[in-house]
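These notes concern the structure reproduced below.
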Amino acid sequence: MTPPALLIIDQQKGMRDSPEPRNNPQAEQRIGELLAAWRRQGWPLVHVRHLSRTPGSPFWPGQPGAEFQEALAPLDHEHVVEKNVPDAFIHSGLERWLRVRGIETVVICGVSTNNSVEATARTAGNLGFATQVVADACFAFAKPDFNGLQRSAEEVHAMSLANLQGEYAQVLDTNRVLQQLSIG
């Protein structure tokens, strides 16, 4: 059986440097634990980078914010997918890359839970991949809901995970993923 691919979404300097309130301050540490475990196993890794189409964005190509965070940066032989919409499958070749390698399971972590993580997990599930989202290795930012009520980052995160659980993905924490895969 082909091992699962770990998809690390948008772990760029611009996300780390955001002034917006967020949850899961330990998320990068958890992502690092997953990354280290996948590297030890020699399992497939995909680093996803958002490149904005909006001039002046911190994620505009060539800006420091578009660069990967040093601790989570891909090694030369690890696959990098660049996207300019939230969903990592759109116009990126990601599905083909996974299918050619016989990968049937994806484990998703990164930022933000309610945007790129959720969009990517929904598509992965819809495409038939067994999809896992690692709750403590993702984070969200506070934002107002559709009615204008300010929601905390934890509320935004929890609702996004609720949207995914069962229908598109299985939501787990880092320890459970590592235990389930016997790579902790």
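The values are calculated or read from the model by the stated rules, or taken from the named source; none is laboratory data. This structure is a prediction, so every number in the text was calculated from the model and none was measured. Please note: Cβ atoms are built from the backbone with ideal geometry, for glycine as well, and neighbour counts cover all protein chains shown. SASA here: full protein model, heavy atoms, side chains in, ligands and nucleic acids out. Shrake-Rupley method; radii C 1.70, N 1.55, O 1.52, S 1.80 Å.
For the chain, carbon and sulfur atoms together expose 50% of the accessible surface, with a 1.4 angstrom probe and every protein chain in place. Shown here are the Rg and Dmax of the Cα trace of the stretch 1-91, at 13.6, 45 Å. Summarising the strand pairing of the stretch 30-184, around 10 percent of its internal DSSP beta bridges are antiparallel. Under 8 Å for C-alpha pairs, at least 6 residues apart: give me the relative contact order for the chain, rounded to a whole percent. It rounds to 26 percent for the chain. Quick check on the stretch 58-101: take the gyration tensor over C-alpha atoms, sort the square-rooted eigenvalues as a ≥ b ≥ c, and tell me if it's rounded (a/c under 1.5), prolate or oblate. The shape class here is oblate. Normalising the average separation of contacting C-alpha pairs (under 8 angstrom, six or more residues apart) by the number of residues puts the relative contact order of the stretch 13-83 at 40 percent. Each Lys and Arg adds +1 at its Cβ and each Asp and Glu adds -1 at its Cβ; summed about the Cα centre, the stretch 15-60 shows a dipole of about 160 debye.
How high is the relative contact order of the stretch 51-143, given as a whole-number percent (alpha carbon pairs under 8 Å, six or more residues apart)? Dividing the mean separation by the residue count of the stretch 51-143 yields 22 percent. Taking every Cα-Cα distance in the chain and sorting them into 10 Å bins starting at zero, the pair-distance distribution P(r) comes out as 10, 40, 39, 11, 1 percent. Legend: calculated FRET efficiency, residue 99 to residue 75, from the Cβ-Cβ distance at R0 = 30 Å, rounded to 0.05, equals 0.85. Between the residues 94, 56, 146, the greatest Cα displacement towards the positive end of the dipole of the stretch 42-184, with unit charges on the Cβ of Lys, Arg, Asp and Glu, is found for 94.
Packing, as the average of other Cβ atoms within 10 Å across residues, places the peptides 46-57, 71-82 in the order 46-57, 71-82, highest first.
Does the stretch 77-132 come out rounded, prolate or oblate, given a ≥ b ≥ c as the square roots of the eigenvalues of its C-alpha gyration tensor, rounded meaning a/c under 1.5 and, failing that, prolate meaning a/b above b/c? Here the stretch 77-132 falls in the oblate category. The calculated 222 nm mean residue ellipticity attributable to helices in the chain amounts to -8500 deg cm²/dmol, summing -39500 (n - 2.57) over DSSP H runs of n ≥ 4 and dividing by all residues.
A dipole drawn for the chain from +1 and -1 charges on Cβ atoms has a positive end, and of 120, 32, 161 the residue lying farthest that way is 120. Take the chain with all the other protein chains still there, run a 1.4 Å probe, and you get 48 Å² of accessible area per residue.
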